[in-house]
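Student: Sharing a structure below in C-alpha cells format, with a few things to ask.
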Amino acid sequence: MKVVVEKKRVCNFVGNSNLKSNSKRPVIYIESRRKGTDMLRKLSAKVKEASEQNEKEWTSDVFNLMTGSAGMSPKQKENWAKDVLKVMTACDGATKKQKEERLVIALGKQPPFNKLLPEERERMARKLVKGLSDKAERMMNEKMELVKETLTTTYPDAQTQPEKIERLVKLISQKISDYDEMTAKEKEKMIMDVLQKMYYDTVIIDVTAKATDEFVKCCPSYPNGGIPVPFTNDVSLSVEGIWQGLKVFENADVDTRLFTKSDMKGMKRNVSKLGDMKGYRKGVNGNEVLDEAEARKLIYLPCYKWVLDNKLQKLMTALRCISKNKPVVLIDDTLSSDATDPKRPISHASLIKAYIEGNYPE
C-alpha cells in the first residue's frame, strides 16, 4: 500500500511569513485520541444510566398527554417517546412554535397518528409542548451538567473560552445518547470537535497513522526509509519496524521482514501467537537480549531521534516556528512521556515535544 500524504498544509506552515521564529519559548501540549475515546465511551454509559429512570417517566408522561395510541407496541411507544424527547431537547434555540411544527411533522410519519386529521395533530403537538417543556428542560440541564463536569475533569489544561465550552456541551449532550450506534468516522469527528473547542485558538496537529497531512511522517510506523538498525549492518524503512523486528519471544526470534514493511499495518507482533516476550535482541545477530528499559534507551530513542534529525527537519522547523507563535496540541494515541517506565508505551508526541524544547531523553 502506498502511503499518500497531503503536503499543502506543511508548505503553508513553513511559507507563512507571519510564523517567523522568535525568542518565545515553544508552547506544546500533548493529547491522546484514546483519552477522548475513553471519555466519550464512559460519558455515554453515565448518561444512559442517569437517563433510564427519567426515560421511563418520560414515556409515561408522553402517552398520558396523547390519545389514539392503543394499537402501539411497548417498543413503538418507547421509540416515539425518544423522538419527542429529541425534539423537545434540541439545543438549536428552537421556539415553542418551531417545536410544535417539528412534532406535527413527526406525528405525520408515525402510525397510528399519521391517520389523524392535520388539525388533530396540531392540537396534540401543542399539548405535548405545553405539558413537557419544563420536564424536558430539567432533563437536558442535568445531562449538560454531567457533560460539562466530565469535559473539564478530562481536559484540565485546556485553553478555551466559556462560550466555546457551552457550545461544545450542547453539541455533545445532543449526540452522546447515540454514541454506541455511531460509526468509527463519526466518533473520530466527535473527538476532534472536542479537542478543537477545548483548545481554542491553538494549532492541532495529528502525528499518528491517522494523520492526513505530512505530519503522518512523525508516526513511528511511517516508512521514512534508510534508518540504521542499531548494532546491525542494515537499515529499516520505519522505527516501528526496528522496534517490533528485534523483539524476542518464547517461540520466535527477530523478524527482519518488518524492516522492509511499508504499509504501516500489522506491525505489532502478537504475544498470543509467539509466546511470552523475552526482550529485544541487541542487533539482529547479537547474543544479548535487552529488557524494555534498556531497549528503549539503546534502540527506540536513538532510532526515533535519527528520524527527527535526518528525515523530519522541515517538519520540526515548521513545528518550532508554529509553537512559538501559537500553542500547538500534538495528537497521539498515548500520553506517557516517561521513557523509563516500561509498563506504559512511550508517546512519540512527547518525544517530539522534548526534541523541540531541547531536552530529548538520552
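Student: With the condition kept exactly as written, say whether any residue in the range 245-257 is free of Cβ contacts under 8 Å to residues at least 60 places away in the same chain, in contact with a Pro (Cβ under 6 Å, 6 or more places away or on another chain) and either under 24 Å from Leu312 (Cα atoms) or of a type outside the set (A, V, I, L, M, F, W, C) (or both).
Tutor: No: zero hits.
Matching residues to (1) touching an Asp or Glu at 6+ places or on another chain (Cβ under 9 Å); (2) surrounded by fewer than 17 Cβ atoms within 10 Å (Cβ to Cβ); (3) part of a helix (DSSP H, G or I):
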site	(1), (2), (3)
Asn114	no, yes, yes
Glu120	no, yes, yes
Asp134	no, yes, yes
Met140	no, no, yes
Val147	no, no, yes
Pro156	no, yes, no
Gln174	yes, no, yes
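Student: Continuing with this model, one more query. From the list Gly279, Gly286, Gly275, exactly one residue is touching a Leu at 6+ places or on another chain (Cβ under 6 Å) and either without any contact (Cβ under 8 Å) to a residue 60 or more places away in the chain or within 16 Å of Ile352 (Cα to Cα) (or both). Which is it?
Tutor: Sole residue among the options that is touching a Leu at 6+ places or on another chain (Cβ under 6 Å) and either without any contact (Cβ under 8 Å) to a residue 60 or more places away in the chain or within 16 Å of Ile352 (Cα to Cα) (or both): Gly279.
Student: Follow-up question, since we're still on this one. Is it the case that Arg33 is touching a strand residue (DSSP E or B) at 6+ places or on another chain (Cβ under 7 Å), modelled with pLDDT under 75 and not hydrophobic (A, V, I, L, M, F, W, C)?
Tutor: Judged against the criteria, Arg33 is not a match.
Student: Taking the range 90-108 as the region of interest, how many residues are farther than 17 Å from Phe63 by Cα and modelled with pLDDT of 85 or more?
Tutor: Here the count works out to 8.
Student: Ok, one more. Confirm whether Thr67 is surrounded by fewer than 18 Cβ atoms within 10 Å (Cβ to Cβ), assigned by TED's automatic domain parsing to the domain that holds Ile176 and over 30 Å from Leu168 (Cα atoms).
Tutor: So Thr67 fits the description; yes.
Student: Taking Lys353, is it at pLDDT 95 or above, closer than 25 Å to Gln196 by Cβ and out of contact with any Asp or Glu (no Cβ under 9 Å at 6 or more places or on another chain)?
Tutor: In short, yes.
Student: Name every residue in the range 233-261 that is among the polar types (S, T, N, Q), touching a Phe, Trp or Tyr at 6+ places or on another chain (Cβ under 9 Å) and in a loop (DSSP other than H, G, I, E, B), in order of residue number.
Tutor: Correct list: Ser238 only.
Student: Take the residues of the range 239-293 that are small (Gly, Ala, Ser) and closer than 19 Å to Val216 by Cβ: which is surrounded by the most Cβ atoms within 10 Å (Cβ to Cβ)? Show your work before the answer.
Tutor: Of all residues in the range 239-293, those small (Gly, Ala, Ser) come to 241, 245, 252, 262, 266, 272, 275, 279, 283, 286, 293.
Right, trim to closer than 19 Å to Val216 by Cβ and you get 241, 262, 266.
Values: Gly241: 27, Ser262: 15, Gly266: 11.
Result: Gly241.
Student: Cβ-Cβ distance below 7 Å, separation of 6 or more or different chains: which pairs start in the range 209-233 with a residue that is at positive phi and end on one that is part of a loop (DSSP other than H, G, I, E, B)?
Tutor: Short answer, once both residue conditions are applied: Gly225/Leu237; Phe231/Lys282; Phe231/Gly283; Phe231/Gly286.
Student: So, one more: Out of Gly279, Gly286, Gly266, Gly245, I need the residue that is at positive phi and more than 23 Å from the chain's Cα centre (by Cα). Which one?
Tutor: Details: Gly286 fails: at positive phi; Gly266 fails: more than 23 Å from the chain's Cα centre (by Cα); Gly245 fails: at positive phi.
Exactly one residue qualifies, and that residue is Gly279.
The values are calculated or read from the model by the stated rules, or taken from the named source; none is laboratory data. Note that the coordinates shown come from a computational prediction; the quantities given were computed from them, not determined experimentally. Neighbour counts run over all protein chains shown; Cβ positions are idealised from the backbone, glycine included.
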